[in-house]
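K.L.:
Below you'll find the structure I mean.
The values are calculated or read from the model by the stated rules, or taken from the named source; none is laboratory data. Please read all numbers here as calculations on a predicted model, not as lab measurements. FYI the Cβ positions are ideal-geometry reconstructions off the backbone, even for glycines, and counts take in every protein chain you see. Note: accessible area is taken over every heavy atom of the protein model, side chains too, but ligands, DNA and RNA are not part of it. Shrake-Rupley method; radii C 1.70, N 1.55, O 1.52, S 1.80 Å.
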Amino acid sequence: MAISLRSRAQIELLREAGRLVAQTFELLRPHVQPGMTTRELDRMAEKFIRDHGAIPVYKGYNGFPATICASVNNVICHGFPSKTPLREGDIVGIDIGAKLNGWIGDSCVTYAVGALAPETQRLMDVTEESMWRGIRAATAGNRLGDVGAAIQQYVEANKFSVVREYTGHGVGQVLHDEPRNIPHYGKPGTGLRLQPGLVFTVEPMVNAGRAETKL
């Protein structure tokens, strides 16, 4: 499948879908508290997205049963919402995708549940900063390896590790668009050259400890 470069008008439609996803995150933020369940957060997100004329694109995707992915603590990504109450000191990564007027917004935010242990807070801070470094490297003329390297170098300098098995991806009118593989690690000057109109996610997954995952 060929990589599509988006027009300014298409990017504005993507921006509108992304804005709705961001608004959904802000709706959930005050409710991510000890005692809340991720299933209830899922219900709130689905209602908000549908009330704004959009479709939750994860629901039914390859059989996924929910509007949000809710990944608590050592669950890296794609966690199922559950009836288990959140506890003080947890972190929960919430992934949301919404299709509005035919275009998809897709993003993930990790929330702190109450007060965090210092090393957990540091993991959150380093991961967020690595994301911004990756975004700043995503400029026309650079390569995908520059984006991944910016993330990897910062993460590893802070003694954490970057997950290899799960990556970012292109986004447009389908959830996982071309390019299908946007690594959060890499070598500068390698990989696909970035061009104006290319749209993809930068969503690093960072581990305290080793990079390996278990399914």
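K.L.:
Return the pair list, or none, for Cβ contacts closer than 8 Å from residues in region 168-189 that are in contact (Cβ under 8 Å) with a residue 40 or more places away in the chain and at positive phi to residues that are open to solvent by 30 Å² or more (accessible area, probe 1.4 Å) and assigned to a strand (DSSP E or B), at least 6 apart or on different chains.
P.N.:
Between residues of region 168-189 that are in contact (Cβ under 8 Å) with a residue 40 or more places away in the chain and at positive phi and residues that are open to solvent by 30 Å² or more (accessible area, probe 1.4 Å) and assigned to a strand (DSSP E or B), the close pairs are Gly189/Arg143.
K.L.:
Okay, next question. Looking at region 27-59, which of the residues that are assigned to a helix (DSSP H, G or I) and more than 26 Å from Glu16 (Cβ to Cβ) is least open to solvent (accessible area, probe 1.4 Å)? Working first, answer last.
P.N.:
Going through region 27-59, the residues assigned to a helix (DSSP H, G or I) turn out to be 27-31, 38-51.
In the following step, the residues that additionally are more than 26 Å from Glu16 (Cβ to Cβ) were identified as 38-40.
Numbers: Thr38: 5, Arg39: 115, Glu40: 65 Å².
Among residues in region 27-59 that are assigned to a helix (DSSP H, G or I) and more than 26 Å from Glu16 (Cβ to Cβ), the one least open to solvent (accessible area, probe 1.4 Å) is Thr38.
K.L.:
While we're here: Going residue by residue through region 122-140, is there one that turns out to be hydrophobic (A, V, I, L, M, F, W, C), open to solvent by less than 50 Å² (accessible area, probe 1.4 Å) and either part of a strand (DSSP E or B) or under 24 Å from Gly35 (Cβ atoms) (or both)?
P.N.:
yes
K.L.:
Is it true that Ile11 is on the phi < 0 side of the Ramachandran plot, β-branched (Val, Ile, Thr) and touching a helix residue (DSSP H, G or I) at 6+ places or on another chain (Cβ under 9 Å)? Working first, answer last.
P.N.:
Numbers: on the phi < 0 side of the Ramachandran plot: yes; β-branched (Val, Ile, Thr): yes; touching a helix residue (DSSP H, G or I) at 6+ places or on another chain (Cβ under 9 Å): no.
Answer is no for this residue.
K.L.:
Among the residues in region 186-195, are any hydrophobic (A, V, I, L, M, F, W, C) and open to solvent by less than 40 Å² (accessible area, probe 1.4 Å)?
P.N.:
Here is the first cut: in region 186-195, the residues hydrophobic (A, V, I, L, M, F, W, C) are 192, 194.
From what is left, the residues that are open to solvent by less than 40 Å² (accessible area, probe 1.4 Å) are 194.
The answer is yes, given that some residue of region 186-195 is hydrophobic (A, V, I, L, M, F, W, C) and open to solvent by less than 40 Å² (accessible area, probe 1.4 Å).
K.L.:
Additional query: Given the conditions (1) assigned by the TED database to the domain that holds Val174; (2) touching a helix residue (DSSP H, G or I) at 6+ places or on another chain (Cβ under 9 Å); (3) under 25 Å from Arg15 (Cβ atoms), which single one is not true for Gly102?
P.N.:
Checking Gly102 against (1) assigned by the TED database to the domain that holds Val174; (2) touching a helix residue (DSSP H, G or I) at 6+ places or on another chain (Cβ under 9 Å); (3) under 25 Å from Arg15 (Cβ atoms), the one that fails is (1).
K.L.:
Please go through region 96-142 and pick out each residue that is under 20 Å from Tyr185 (Cβ atoms) and touching a strand residue (DSSP E or B) at 6+ places or on another chain (Cβ under 7 Å).
P.N.:
Cys108, Thr110, Leu123, Met124, Val126, Thr127, Ser130
K.L.:
State whether one or more residues within region 60-76 are open to solvent by 80 Å² or more (accessible area, probe 1.4 Å) and touching a helix residue (DSSP H, G or I) at 6+ places or on another chain (Cβ under 6 Å).
P.N.:
Our first condition is that a residue be open to solvent by 80 Å² or more (accessible area, probe 1.4 Å); within region 60-76, this holds for 61-62, 74.
Okay, now just the ones that are also touching a helix residue (DSSP H, G or I) at 6+ places or on another chain (Cβ under 6 Å), so none.
No.
K.L.:
Let me ask something else about it. Being more than 20 Å from the chain's Cα centre (by Cα) and in a loop (DSSP other than H, G, I, E, B) narrows it down to one residue among Gly172, Gly189; which is it? Talk me through it step by step, then tell me what you get.
P.N.:
Values: Gly172 fails: more than 20 Å from the chain's Cα centre (by Cα).
Sole residue among the options that is more than 20 Å from the chain's Cα centre (by Cα) and in a loop (DSSP other than H, G, I, E, B): Gly189.
K.L.:
Still on this structure, please answer the following. Where the second residue is among the charged types (D, E, K, R) and not in a strand (DSSP E or B) and the first is surrounded by fewer than 17 Cβ atoms within 10 Å (Cβ to Cβ) and lies in region 97-121, which pairs have Cβ atoms under 6 Å and are six or more apart or on separate chains?
P.N.:
Gly114/Glu88
K.L.:
Give all pairs with beta carbons closer than 6 Å in which a residue from region 131-149 that is without any contact (Cβ under 8 Å) to a residue 24 or more places away in the chain meets a residue that is open to solvent by 40 Å² or more (accessible area, probe 1.4 Å); count only pairs at least 6 apart in sequence or on separate chains.
P.N.:
Pairs found: Arg133/Tyr154.
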